[in-house]
Amino acid sequence: MKHSFLRLALVLGLLSAIGPFAIDMYLPSLPAIGRALRADTHTVQLSLTVFFLSFALSQVLYGPASDMFGRKAPLYAGIALFVVGSVGCALAPDIGTLVAFRFVQGLGGGAPNVITRAVVRDLHTGAEATRLMSLLMLVFSVSPILAPLAGSFIVEAAGWPAVFWTVGVIGLLGLGLVAFALEETRPPAERHGSGLGSTLRAFWLLLRDPHFMGMTGVASLGVAAFFIYLSNSSFVLIEQYGLTPREYGLAFAANAASFIGVSQLTGRLTLRHGLRRVVTVAVAGFALAMVAGAALHLAGATQLAMLVVGLMIGFGFLGLVIPTTSVMALDHHGEIAGAASALMGMIQMVAGAVVIALMGVVSGGGSRPMVIGIAVVAVLTWALAWISLRGEHAAPGAP
């Protein structure tokens, strides 16, 4: 049983990393793409925003489709579309074409992201689901830790188009995993009654569920805070602090390692203290760390080491927030896990895309707007968690 548990975490983690690889691996090449395609920073960041939006919207389709047709068929379709988008990006002659194929890439990349969460809920709930989710995130960590480093080597050796060729190959390997290493967890008997009408009813039920929307909102704001760093860090660290793409990959990996490393404590902590208490402490630590880091930066402590260490501490707390709130959101909706996972994933990615777009409009780049933006969103994350959990404590019969 333990062997199959770890094997499942490995397979799901690798599949869920396919979409993020399309983000993390090309981050070190953003300045180079801007120079090669004669595009400014805001336009290059648009390729991130468009990817996030299509990635988000696609999940509304893949989640319910996985309830209706099983988990594997939509995975095949989505990953194949992802490969097509990757090839188009690699061949893009201008920034407009690149943005268009990033949209296609995002439409495909949403499939493994949403369906892997539904598979977790098919098989486990509560503390066991949290343990599996944290193991999945450990495997998933190959993306934010290794992908920027790999991307920096690829950019320096072969140029930015080679990054997208590499990502396309990763998609093909993902198709092999689905075919040979993943079993169907949504048998035909459980698909009965699933359709457009049931999907719309499921979405309506979820949108009216304050527990689901509260926990999804907390996770979405946490993800949005990380996306601020994601979209700005290459310009800040490479152009402002003068790092090489390879050094940037190391700095990015340090923050990702903190996030993923601390997330591995969630299973043990939730067994001992419960999901609610872990979330309460984690969001408070996340907000406090990011506000303190922003205050120090504004006070003149702008050294690179201070910036990286401060973000590592904050994102470490965020590593406790994301898996716990995701499990809490899905816990009461096993019969519509695909739809619930889809709606949660869509809300998270839309929140990230909106925040990236707002940051591009209100800031001119640089480290100061980045740390202020992260701190503001971290405080909003804490506030929503406090309101949501307080409301549940006050509700009759709340645990």
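No value in this document is a laboratory result; all are computed from the given coordinates. This one's a predicted model, so the numbers in the text were calculated from it and none came from an experiment. Here Cβ is always computed from backbone atoms with ideal geometry, including for glycine, and neighbour counts include all displayed protein chains.
Extension gain, Arg35 to Phe180: 0.36 nm times the residue separation minus the Cα-Cα distance gives 48.0 nm.
Per-residue ellipticity at 222 nm computed for the chain from its helices equals -28500 deg cm²/dmol, with DSSP H segments shorter than 4 residues left out and the rest contributing -39,500 (n - 2.57).
Evaluating 6.51 cos²θ - 1.76 cosθ + 1.60 at θ = phi - 60° for every residue in the stretch 314-329, the Karplus couplings come out as x, 6, x, 4, 4, x, 8, 6, 4, x, 5, 5, 5, 5, 4, 5 Hz, glycine and proline recorded as x. Here the convex hull built on the C-alpha positions of the chain has a volume of 128 cubic angstrom per residue.
Short-range pairs are left out: with C-alpha atoms under 8 Å and at least six residues apart, the relative contact order of the chain is 27 percent.
When +1 charges are put on Lys and Arg Cβ atoms and -1 charges on Asp and Glu Cβ atoms, the dipole computed for the chain relative to its Cα centre reaches about 480 debye. Only one residue of Ala92, Phe52, Ile260 has its Cα farthest out toward the positive end of the dipole of the chain, where Lys and Arg carry +1 and Asp and Glu -1 on Cβ, and that residue is Ile260.
Once the trypsin sites (Lys or Arg not before Pro) in DSSP loops with at most 12 neighbouring Cβ atoms within 10 Å are cut out of the chain, the longest remaining piece is 209-399. Placing a pseudo-label 7 Å from each Cα along the Cα-to-Cβ vector at Trp165 and Leu296 gives an inter-label distance of 4.3 nm. Spacing of the modelled spin labels on Leu173 and Leu10, each 7 Å from Cα toward Cβ, amounts to 1.3 nm.
What the Cβ-Cβ distance of Ala157 and Val361 gives, at R0 = 41 Å and to the nearest 0.05, is a FRET efficiency of 0.70.
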